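Remarks on the structure that follows.
The values are calculated or read from the model by the stated rules, or taken from the named source; none is laboratory data. Note that the coordinates shown come from a computational prediction; the quantities given were computed from them, not determined experimentally. Note that each Cβ is placed from the backbone with ideal geometry, even for glycine, and that neighbours are counted across all protein chains shown. Surface accessibility is based on the protein's heavy atoms, side chains included, excluding ligands, DNA and RNA. Shrake-Rupley method; radii C 1.70, N 1.55, O 1.52, S 1.80 Å.
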Amino acid sequence: MKKALCFAALLLSLLAVSCSSSSSNTGSSNSATPTPSPAASSSSDTQPQSPKAQIDPCSMFSPEDAQAITGVPMKLAPGHGAIVCMYEEASPKPGLDTARVSLMLNVENSVEKEAKEWQNTKELRRLKPGEKNITQLSGIGEEAWFDGHAEKGKVGLGGILARKGKADFALQSAVMQPRSSLQKMKEVSRRIADKLQ
């Protein structure tokens, strides 16, 4: 369940960062400073702790992988936790939101624990045939799903969730305009899954 909450928090932060960079690129002079909410300013002992990485996700996902997906040069965007490797567009163009792609990699101590965590993720994310914007994929790990909308082979907000052995991962695109190649996301996901045990 912690993993599902971490995943949801990551997706929300990607969306928030994507939306905030989109509005900051429009040249708006309306720059109000947000006021922290009581929940945001609470003590760190009430915040969920970021899981410790057993495998560095950036060892499985390079800037070249991110560039292949987005079609533009990418740079590391650090500070998203030990199990997340995120890249953002190196030279964003004015008027367009900044492309961001991330890999969240979870490795459990046993296949049994991973199976339970994966089942929780599937229930939380509604990963099953017939759900809107959910497609089961083949050839990527033991089980894989695309969660999002592709338009002419391009993805805006969405990604691939996959499981193999003691690990699962989410390769996510976070950009408002559909710019990330779904085919390249599948290729990178297949390669990542092939490296996992």
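Name the single residue that is nearest to Asp56 (Cα to Cα) among those in segment 93-104 being surrounded by 18 or more Cβ atoms within 10 Å (Cβ to Cβ) and modelled with pLDDT under 95.
Per the stated criteria, the residue is Ala99.
So Thr121 ticks every box in (1) within 15 Å of Asn106 (Cβ to Cβ); (2) hydroxyl-bearing (Ser, Thr, Tyr); (3) over 17 Å from the mean Cα position of the chain (by Cα) but one. Which box is left unticked?
Status for Thr121: all satisfied but (3).
Would you check if Val107 is surrounded by fewer than 21 Cβ atoms within 10 Å (Cβ to Cβ), among the hydrophobic types (A, V, I, L, M, F, W, C) and either out of contact with any Lys or Arg (no Cβ under 9 Å at 6 or more places or on another chain) or farther than 19 Å from Ala68 by Cα (or both)?
Yes.
Quick one: which residue in Lys116, Lys186, Lys166, Lys132 is within 15 Å of the chain's Cα centre (by Cα), among the basic types (Lys, Arg) and open to solvent by 40 Å² or more (accessible area, probe 1.4 Å)?
Of Lys116, Lys186, Lys166, Lys132, the one residue that is within 15 Å of the chain's Cα centre (by Cα), among the basic types (Lys, Arg) and open to solvent by 40 Å² or more (accessible area, probe 1.4 Å) is Lys186.
Looking only at segment 111-137, which residues are farther than 27 Å from Gln54 by Cβ and of a type in the set (Gly, Ala, Ser)?
Listed by number, the list holds a single entry, Gly130.
Taking the residues in segment 119-129 that are of a type in the set (Lys, Arg) and open to solvent by less than 70 Å² (accessible area, probe 1.4 Å) as candidates, determine which candidate is nearest to Gly165 (Cα to Cα).
Lys122
As an exercise: evaluate Asp147 against (1) closer than 26 Å to Ile55 by Cα; (2) open to solvent by 40 Å² or more (accessible area, probe 1.4 Å); (3) among the acidic types (Asp, Glu) and give the number of the one condition it does not meet.
(2)
For segment 169-183, enumerate the residues that are open to solvent by 10 Å² or more (accessible area, probe 1.4 Å) and polar (S, T, N, Q).
Gln177, Ser181, Gln183
When only residues in segment 60-112 that are in a helix (DSSP H, G or I) and without any contact (Cβ under 8 Å) to a residue 40 or more places away in the chain count, which is farthest from the chain's Cα centre (by Cα)?
Checking each candidate, the answer is Glu112.
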